[in-house]
1. First check a/c for region 163-238, with a ≥ b ≥ c the square roots of the eigenvalues of its C-alpha gyration tensor; if it is under 1.5, answer rounded, and if not, answer prolate when a/b is larger than b/c or oblate otherwise.
2. Express the accessible area of region 101-145 per residue in Å², computed with a 1.4 Å probe while the remaining protein chains stay in the model.
3. Just to be sure I understand the model, the point goes 7 Å from the Cα along the line to the Cβ. What's the resulting Glu254 to Thr162 distance in nm?
4. Which net charge results for the neighbourhood of Val314, defined as the other residues with beta-carbon distances under 12 angstrom from its beta-carbon, given Lys and Arg at +1 and Asp and Glu at -1?
5. I need the shape label for region 196-269. Rule: rounded when a/c is under 1.5, else prolate if a/b > b/c, else oblate, with a, b, c from the alpha carbon gyration tensor.
6. Which of Lys242/Lys334; Lys220/Lys422; Lys156/Lys422 have a Cα-Cα distance over 23 Å?
7. Please label the shape of region 206-351 as rounded, prolate or oblate, based on the square roots a ≥ b ≥ c of the eigenvalues of the alpha-carbon gyration tensor (a/c under 1.5 means rounded; beyond that, a/b larger than b/c means prolate, else oblate).
8. Any chance you could run the full-extension gain for Ser269 through Arg308? It's 0.36 nm times the residue separation minus the Cα-Cα distance, nm to one decimal.
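The values are calculated or read from the model by the stated rules, or taken from the named source; none is laboratory data. Computed from a predicted structure; not experimentally measured. Quick reminder, even Gly has a Cβ in these numbers, built from the backbone with ideal geometry, and neighbours come from all protein chains shown. In case anyone asks, the SASA skips ligands and DNA or RNA and just uses the protein heavy atoms, side chains included. Shrake-Rupley method; radii C 1.70, N 1.55, O 1.52, S 1.80 Å.
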Amino acid sequence: MKKGRKVFKLGIVLAAALMLFTSSGVTAQAIGIDDIIFSLLSETDREKNLSYLSYSQIYIGEGVSIIASSDGLDESKCKYAFYARKAGESWDTLQGYSALSTCYFVPQSTGSYEICVKIRCGLKIYKEYLSLTVTRPIVNGSVISSSYIPLGDHVKLSAAATGGEGGFVYRFLEKRTDEGEWTELSDYSTADNMQWNPQYAGEYDIVIDAKDAIGNTKSKEFKLVVADERKRTPEEFTITVKAPISSPYLWSCEFSDESILKYTVTRKSYDDDMFRPYVLLEYKFTPVASGAADIILTYNAYNGNGCRMIYNIVSDRNLSFTVNSVTGKYFDEKLPEVQQIKRRFMLGVSKSDNEHIWRCEISNGLVIEYDKTATGSNDYDTYYFNALRKGYSTITLTCYSKQNVTDQYKLIYTIYIDDELKVTTISCDGRYFDDLAFPVIVQG
């Protein structure tokens, strides 16, 4: 009697399966009549399928692993099938029923996808539907106008992004580097630039966020140093004189105004054998305030054949100096020159030719200066710079194409000069030919 009831129930299932097999709604998702039968037999057991994706959102060109998993099923008797379709389209079979419980899927276009994982165990099928979003990666090309400004000046923040899905909105954030709280300068909007005037000196972190139409975001971080005018870095210089090695103390230095300049003196030996009886005295001067002062260097010889040299120096509010005049006598020789303390460094880039032209820009001329460009071998040009004083600056090398204005390459170096005029590269940004590694800064 029980056997007859089972046959009767199976007949009902088969009849229903045959009727459903002819309808378009089932054939869009089912592979065959046995699949329909197994689906009907498993109506109450779908919760057993615990399949999942390695990622629910990926970028175009990437792939996702679909992992079939279950609870309470005998895996030795299970077979697995995987299907996918883009929203509004028909199903594609990624992998028919097999013992493989993992399938790798690489979508060919962006959009929303539905993934179906079927686990067949005995006469039952357990289904699980999963969602996958495929987008274009966002490239955040935002920039700031300078990495170093004096207190009271402003910095321009310019947002730009490509890729993603749909139009972009931008957000601007800042915080003091030594603090933990971010301040929102501007919430998400279509405005792609703003000017910001920091109220305090110090080092700041700046973030520009770009968000596309479906909510994906890409951030870009920057460093900004706001210099306190009361803590200016002076433009130092030297005057080097010679003296008999037995009596260097006969030289003396004095100022007409000691509030403008201070100095230290270093004794150095001559490398040239011809001048072994002499010693070099290097006077290093540091402006400490704005104004004008005379540097008076005097050599009081016992025989009366002394020297007296007067250098009139003007220091501005940035503690940069200017030599206003030089008078006096230095033995029977030309008066020693005022030499700014500087240290050279260089960058080598692909040589300019008939197709491309390089242009160099410096954000803070108080910290570094552009020296010259030398054409070298191996198809490279070398750009020379001088480190002048402590601080931050940005060097931007832009390569312009004569053929196509959009075909440009840009190298952006944010650098820091320390007290010893040593150059440290804080960050590199931009784009070099065919994504080649950026040229490195070499201290000369």
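1. prolate
2. It amounts to 43 Å² per residue over region 101-145.
3. In this crude label model, Glu254 to Thr162 measures out at 6.8 nm.
4. Net local charge, Val314 excluded: -3.
5. prolate
6. With Cα atoms farther than 23 Å apart: Lys220/Lys422; Lys156/Lys422.
7. Prolate is the answer for region 206-351, as a/c is 1.5 or above and a/b outweighs b/c.
8. 11.8 nm
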